[in-house]
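The values are calculated or read from the model by the stated rules, or taken from the named source; none is laboratory data. Just so you know, these numbers come straight off a predicted model, no measurement behind them. All Cβ positions, even for glycine, are placed from backbone atoms using ideal geometry, and neighbour counts span all protein chains on display. The protein model used for the area step is the full one, side chains on, heavy atoms only, and it has no ligands, DNA or RNA in it. Shrake-Rupley method; radii C 1.70, N 1.55, O 1.52, S 1.80 Å.
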Amino acid sequence: MNLRHLEMELERLEGFERPTSRLEQYRTPAPVAARLLHHAAMQGAIEGRRVLDPGCGTGVLACGAALLGASAVTGLDIDPAAVAVARRNADRLGLDIEFLVADVRDSSLEWDRFASDTVVMNPPFGAQKVHADRPFIDRALELAGEVYGIFNQGSAAFVAAYTEGRAVVEEVIRCEFPMRRTFAHHRRDRVDITVEVIHLRRI
């Protein structure tokens, strides 16, 4: 599946029904998701691999990984409503994906069962809670050797420092992330921000 076809398929998916600002529930734009996934696939990190999407939201990245031939895909999210939408999205595309309600910070879970080859994720940017992305980075590196994540522009230096001794930043890809009006405090219908797709490799 080429990049444009993947983007078109992901455009068909539902977004959040009642997004929560506390959880930073912004829909992952199809062009950004497709670019991350297609790039990971070109590096051999998707097809035939076990893929995990922590903080999956409505399942855009998880669905894209399944479309690109992952051998197994699991999506986790703390919000049951988001997981319900993710399951509908997978059904819409005829995909077999396991979606579960789970908190990446929950140390009581048997996390070994979620061990994967690759993590794809769009963690919170930390607008509502500083360093909200850290538990996602920690869990991702615990569970997979290859991690592809979407972060705020300028995050690469922090991610490199935070993961020093555990992972290396293989590359950083900058792309536009269109954020549509989602919450009452938003003043414009759309704001384009720049994000960094960061590829981490566990060492």
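A few notes on this one:
- On the basis of the beta-carbon distance and an R0 of 30 Å, R18 and Q153 show a calculated FRET efficiency of 0.60.
- D112/R201 FRET efficiency (R0 25 Å; Cβ-Cβ; nearest 0.05): 0.75
- Rg and Dmax [Cα atoms of the chain; Å; Rg one decimal, Dmax integer]: 15.4, 43
- Euclidean distance of C-alpha centroids, segment 1-32 and segment 103-166, integer Å: 19 Å
- Probing with 1.4 Å while keeping every protein chain in the model, the per residue accessible area of segment 63-203 equals 49 Å².
- Each of E171 and D103 was given a label point 7 Å from its Cα along the Cα-to-Cβ line. The distance between the two points is 3.7 nm.
- Expected-Rg normalisation [2.2 N^0.38 Å, Cα atoms] applied to segment 59-154: 1.07
- Percent of Cα pairs exceeding the 17 Å cut-off, where the set is segment 1-63: 42 percent
- Estimated FRET transfer efficiency when R0 is 25 angstrom, pair D91-H5 (beta carbons, to 0.05): 0.80
- Dipole magnitude of the chain, debye to nearest 20 (Cβ charges: Lys/Arg +1, Asp/Glu -1, about Cα centre): 580 debye
- Helix-only arithmetic for the chain: the sum of -39500 (n - 2.57) across DSSP H runs with n ≥ 4, divided by the residue total, places the mean residue ellipticity at 222 nm at -8500 deg cm²/dmol.
- Of all accessible heavy-atom area on the chain, the percent that carbon and sulfur account for (1.4 Å): 46 percent
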